[in-house]
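Bear in mind that the values in this text are calculations on the coordinates, not laboratory data. Here the structure is a predicted model, which means the values were calculated and not measured. Positions of Cβ are backbone-derived with ideal geometry, glycine not excepted, and every protein chain shown enters the neighbour counts.
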Amino acid sequence: MCLIIDANKTADFVNRRRDADHQPIYRWLERDGRLAIGGRLLKEQYRVEKAKRYLLQLLRAGRALRCDDGEVNAEERQVGDSGLCRSDDPHVIALARVSGARVLFTGDRDLMADFGNPQLVPGPRGKIYKRAEHEHLLRNSPPCRRPDQRPPLPQQRA
């Protein structure tokens, strides 16, 4: 089971632990969930000191998958060059492709569309966690995968 938390939700997530919409994620991470981190997204998340401490705690506890920055950055360039992204977040799509994460916690509508695009995030289809009612997405999310299992991107647009 693997989740990505977008930078636009990171500060809110770590600063409002008691928020009803965040509680299912915290419980899930304490049991069997894993957070996918790496690349530019991790740098964005580390700008929030409280988030940095929490992510390091998850890493030490084995509750976070740290993807290689070089691999995520290379994938980000390919995703950006594909011309398929509507959002300005090819680094999040790249992290999903490298990690195998198929659940995303974000408030960015364009990123939601990109995450649901099967050309960018191929099977299983990407899902968006928005609130506590979406807890089932966490339970049913696929596990993180090895970086060498990522799918190829479609041909670049001319």
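Distance between the pseudo-spin-label points of residue 50 and residue 119 (7 Å out from Cα toward the beta carbon): 4.0 nm. Sorted largest first, the principal axis extents computed over the alpha-carbon atoms of the chain equal 48, 29, 25 Å.
Cysteines in the chain lacking any other cysteine Cβ under 4.7 Å from their own Cβ: 67, 85. Under a Cβ-Cβ cut-off of 9 Å, what is the net charge of the residues other than residue 2 that fall near it, where Lys and Arg count +1 and Asp and Glu count -1? Result for the local shell: +3. Note on residue 52: lysines with a C-alpha under 20 Å away, same-chain residues under 8 apart excluded, are 9, 43. Cross-link partners for residue 130 among the aspartates and glutamates, with Cα-Cα distance under 12 Å and sequence neighbours closer than 8 places in the same chain left out: 6, 21, 108. Remark: the chain carries a charge dipole of roughly 520 debye about the Cα centre, counting +1 on each Lys and Arg Cβ and -1 on each Asp and Glu Cβ.
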